[in-house]
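Notes to accompany the following structure.
Read the figures in this text as sums done on the coordinates, not as results from a lab. The structure displayed is predicted, hence computed values, not measured ones. Here the Cβ positions follow ideal geometry from the backbone for every residue, glycine too, while neighbour counts run over all protein chains shown.
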Amino acid sequence: MQTKNIPAAYGLRVGIRGGGCGGVALMIGFDKEKPTDLTYHIEGITIHIDKKHTMYLIGKEVDFYEGADAKDFCLPIRKTNYPPDQISCL
């Protein structure tokens with residue numbers, strides 16, 4: 001996160017926002033901790049999730065994509081008709 005100039009007080013925020021086919025869309029980005037957050041520290045990364053968003057995130061996975069086109073955190077979508085190592089990121 002330091003190489004992306006993300007302030008030290010920020011963590012990775014995983015949550016939802018209005019929109020999408022089901023009325024909500026998954027989102028991922030960097031943000032400060034808020035009073036309503038559940039905060040986790042996993043492998044040196046601080047992750048913030050608003051308590052109200054947890055039911056939409058059950059079973060979701062955050063991954064770090066590193067390819068020729070980009071490097072970033074993502075919410076992978078595993079395609080059922082493809083080999084397990086082929087994913088698409090939101």
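General observations
- Net charge of neighbours whose Cβ lies under 12 Å from the Cβ of residue 56, counting Lys and Arg as +1 and Asp and Glu as -1: +3
- Per-residue Cβ neighbour counts within 10 Å put 74, 21 in the sequence 21, 74, beginning with the fewest.
- For 73, 64, order by how many other beta-carbon atoms lie within 10 Å, fewest first: 64, 73
- Tensor-based shape of the range 33-76 (alpha-carbon gyration tensor, a/c under 1.5 rounded, otherwise prolate or oblate): prolate
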